[in-house]
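**Student:** Take a look at the following structure, please.
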Amino acid sequence: MKDETGTLTTLASYFALMSLFAIGGANSAVPEMQRVAVEVERWMSDRQFTDIFAIAQVTPGPNVIIVTLIGYHVAGFLGALVATLAMCGPTCVFAFYISQVWERFKDAPWRAAIQAGLLPISIGLIAASAFVVTWVAAHSFVAVAITLATAVVAYTTRLNPLWIFAAAALFGLAGLV
Amino acid sequence: MSETVVTPSPSSPPASSPPTLLDLFVAFAIISLCGFGGVLAWSRRMLVEERKWMTSEEFNDAYALCQFLPGPNVVNLSVVFGRRIRGPVGAGVALVGLIGPPFVIVSIISLLYARFGEIAALQRMLFGVAAAAAGLVMGTCAKMARPLFSDRLGLAPLVALATFASIGVLRWPIYWALAVLVPVSIAIAWVRR
């Protein structure tokens, strides 16, 4: 029992802190999630992390849902609840209050500087995410080929990614990945 | 998922009657469940085009704020929008609408995964899906990075590269890397303004 409380506290503190650094969205924190869940806390293997990432992407809803899956894996239903609340809570409070003053400083130069300064950070974070998940998902040449093909399709077309996921799942089922 | 769960009633007056809490909840639940692979596109469609609760400019402005705030973007958007419509309660209701339904779905999936995750066929499918999901993130990243390079070339690409290298390749904890990079990047933007 005491152990469980400890695990929940650990989950809560990791995700609450992490959320404040997730500039650009939940996917920006994926490298940090992998680092914590696989390398630091050893909650799961690299393969399990990849599974969870894949499931989060095919589940409807915002990307932040990956946190729910990690929480569930670590500490069941309560873990899922705690992890989700921790990831959303602090930044929601932040968003709530900032949005009240945001309008007032519409033309403030520092507002533009903050926005311009954070943009390359968020792009770098997403790039890091892409790199980390490509790395752990690269089981074979076919897997890498699927990754690259999806990237090209996502960049050049507006095809619903559901179709790509379905095709990739079939490739996998056929034992090609 | 279902494409048109709720068709907007053609007779609904645009924006004249503020949405009720139930409206808010339902709208964000639909955004969440349909907005698979891109919740942003759906939130724009729902809030701006279908329900006409926001103008396109209002949406862009709210979204710009949510993108630069840390944390999940669309989650932030639900709070910002809910607050604007119905204060703190509205913020809470929109948030629960957005997070609640996928939370339930994912809890069920987690149960199934804990039980069947080791089945070879499922495992092989997940290998494929993970590879595609990684590609999706890559493609999104490329889209985001486009304006960075078409702009007159400043130090911004270097900042992006440093962020990528420190967190993606060197695997530094996000806190230390950003504690250095964020102030530097904002200072650069300030000087170049």
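**Student:** If you go through the range A:94-104, how many residues are free of Cβ contacts under 8 Å to residues at least 24 places away in the same chain and surrounded by 13 or more Cβ atoms within 10 Å (Cβ to Cβ)? Give the derivation first.
**Tutor:** As a first pass, look at the range A:94-104 and keep what is free of Cβ contacts under 8 Å to residues at least 24 places away in the same chain: A:95-104.
Of the ones still in play, those that are also surrounded by 13 or more Cβ atoms within 10 Å (Cβ to Cβ) are A:95-96, A:98-99, A:102.
Of the residues in that region, 5 qualify.
**Student:** What's the number of the condition residue B:61 fails, among (1) of a type outside the set (A, V, I, L, M, F, W, C); (2) under 20 Å from residue B:22 (Cβ atoms); (3) part of a helix (DSSP H, G or I); (4) more than 7 Å from chain A (Cβ to nearest Cβ)?
**Tutor:** Only one criterion is unmet by residue B:61, namely (2).
**Student:** Checking residue B:143 against (1) more than 7 Å from chain A (Cβ to nearest Cβ); (2) among the basic types (Lys, Arg); (3) closer than 17 Å to residue A:122 by Cα, which single condition isn't satisfied?
**Tutor:** The single condition residue B:143 does not satisfy is (1).
**Student:** Something else about it: Can you pull out the residues in the range B:102-116 that are closer than 24 Å to residue B:39 by Cα and more than 7 Å from chain A (Cβ to nearest Cβ)? Steps first, please.
**Tutor:** First, pick out the residues of the range B:102-116 that are closer than 24 Å to residue B:39 by Cα: B:102-110.
B:104, B:108 - these are the residues of the range B:102-116 that are closer than 24 Å to residue B:39 by Cα and more than 7 Å from chain A (Cβ to nearest Cβ).
**Student:** Something else about it: Taking the range B:126-174 only, how many residues are polar (S, T, N, Q) and either farther than 30 Å from residue A:16 by Cβ or not in a helix (DSSP H, G or I) (or both)? Reasoning before the result, please.
**Tutor:** Just the residues of the range B:126-174 that are polar (S, T, N, Q), to begin with: B:140, B:150, B:163, B:166.
Those still in the list that are either farther than 30 Å from residue A:16 by Cβ or not in a helix (DSSP H, G or I) (or both) too: B:150.
Final tally of qualifying residues: 1.
**Student:** Of a type outside the set (Ser, Thr, Tyr) and touching a residue at least 24 places away in the same chain (Cβ under 8 Å): which single residue out of A:81, A:17, A:11 fits that description?
**Tutor:** Numbers: A:81 fails: touching a residue at least 24 places away in the same chain (Cβ under 8 Å); A:17 fails: touching a residue at least 24 places away in the same chain (Cβ under 8 Å).
Every option except A:11 fails the conditions.
**Student:** Does the range B:112-126 contain any residue that is crowded, with 22+ Cβ neighbours inside 10 Å, free of Cβ contacts under 8 Å to residues at least 40 places away in the same chain and within 24 Å of residue A:88 (Cα to Cα)?
**Tutor:** no
**Student:** Consider residue B:119 against the criteria (1) more than 7 Å from chain A (Cβ to nearest Cβ); (2) among the hydrophobic types (A, V, I, L, M, F, W, C); (3) within 17 Å of residue B:29 (Cβ to Cβ): it satisfies all of them except one. Which criterion is unmet?
**Tutor:** (3)
Condition check ((1) over 19 Å from residue A:29 (Cβ atoms); (2) in contact with a strand residue (DSSP E or B) (Cβ under 7 Å, 6 or more places away or on another chain); (3) touching a residue at least 60 places away in the same chain (Cβ under 8 Å); (4) hydroxyl-bearing (Ser, Thr, Tyr)) across all residues:
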position: B:156; (1), (2), (3), (4): yes, no, no, no
position: B:166; (1), (2), (3), (4): no, no, no, yes
position: B:173; (1), (2), (3), (4): no, no, no, no
position: B:181; (1), (2), (3), (4): no, no, no, no
position: B:189; (1), (2), (3), (4): yes, no, no, no
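**Student:** Of A:61, A:79, A:89, which residue is at positive phi and within 11 Å of chain B (Cβ to nearest Cβ)?
**Tutor:** Values: A:79 fails: at positive phi; A:89 fails: at positive phi.
Matching residue, one of A:61, A:79, A:89: A:61.
**Student:** Anything in the range A:132-151 that is part of a helix (DSSP H, G or I), in contact with a helix residue (DSSP H, G or I) (Cβ under 9 Å, 6 or more places away or on another chain) and either touching a residue at least 24 places away in the same chain (Cβ under 8 Å) or more than 7 Å from chain B (Cβ to nearest Cβ) (or both)? List them, or say none.
**Tutor:** Taking the range A:132-151 as the starting set, the residues that turn out to be part of a helix (DSSP H, G or I) are A:132-137, A:141-151.
Then drop every residue that is not in contact with a helix residue (DSSP H, G or I) (Cβ under 9 Å, 6 or more places away or on another chain), which leaves A:132-137, A:142-151.
Hits for the range A:132-151 are A:132, A:133, A:135, A:136, A:137, A:142, A:143, A:144, A:145, A:146.
**Student:** Quick one: is residue A:117 within 7 Å of chain B (Cβ to nearest Cβ), modelled with pLDDT of 85 or more, out of contact with any His (no Cβ under 9 Å at 6 or more places or on another chain) and more than 16 Å from residue B:77 (Cβ to Cβ)?
**Tutor:** For residue A:117, the condition - within 7 Å of chain B (Cβ to nearest Cβ), modelled with pLDDT of 85 or more, out of contact with any His (no Cβ under 9 Å at 6 or more places or on another chain) and more than 16 Å from residue B:77 (Cβ to Cβ) - is met.
The values are calculated or read from the model by the stated rules, or taken from the named source; none is laboratory data. All of these numbers come straight from a predicted model, not from anything done at the bench. Virtual Cβ from ideal backbone geometry, glycine too; neighbours counted across all protein chains shown.
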